[in-house]
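Some notes on the structure that comes next.
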């Protein structure tokens, strides 16, 4: 186990010069990922559109697209593809980042690095207490829905419709996303 003195934190993360890549800190380790594909961005935009209409427009919370820094803990700073924060939790937004645990984090798999979202981030999000995490697989046209219960993620897979438990119960027809 690393000592806190050798673990990356927000100050070191914020000092990384811009290079067009996605930098993240998970459990104090630095990860670098390439820019996403065009198809990845299209799926992200479609999901954001439906979430924005159902959550942000009626004033139920906010939907934020990448790039945005989300500081889950002192040594966990990530850049999810989409972030949803319910109205009651909007206080976790700061001028520079989201500092706290959002209600929903969404990652869209990239062919260059699926293990990062499926394993590394999944464990980090579970450890940090992210209540809901969607892993979107645009090639398979499905979303792995991970819901936190008793500190562990419970899995379901959505292929036709996906729902998010925010009033009014949001349902997205996934045929509109792909």
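For the chain, a Gaussian network of Cα nodes joined below 10 Å ranks 54, 66, 11 by mean-square fluctuation, and the top entry is 11. For the chain, the longest principal axis of the Cα atoms and the long axis of helix 38-51 meet at an angle of about 60 degrees. When Rg and the Kirkwood radius Rh are both evaluated on Cα atoms of region 72-157, their ratio Rg/Rh stands at 0.96. Based on DSSP H segments of at least four residues, each scored -39500 (n - 2.57), the chain has a per-residue ellipticity at 222 nm of -4000 deg cm²/dmol. Geometric descriptor of region 1-103, per residue, is 110 Å³ (volume of the convex hull of the Cα atoms). According to the Kirkwood relation over distinct C-alpha pairs, the hydrodynamic radius of the chain is 16.6 Å.
Here region 103-120 is scanned for amide nitrogen atoms under 15 Å from the site 7 Å beyond the Cα of residue 176 along Cα-to-Cβ, giving none.
Read the figures in this text as sums done on the coordinates, not as results from a lab. Everything numeric here is computed off the predicted structure, so don't read it as measured data. Neighbour counts run over all protein chains shown; Cβ positions are idealised from the backbone, glycine included.
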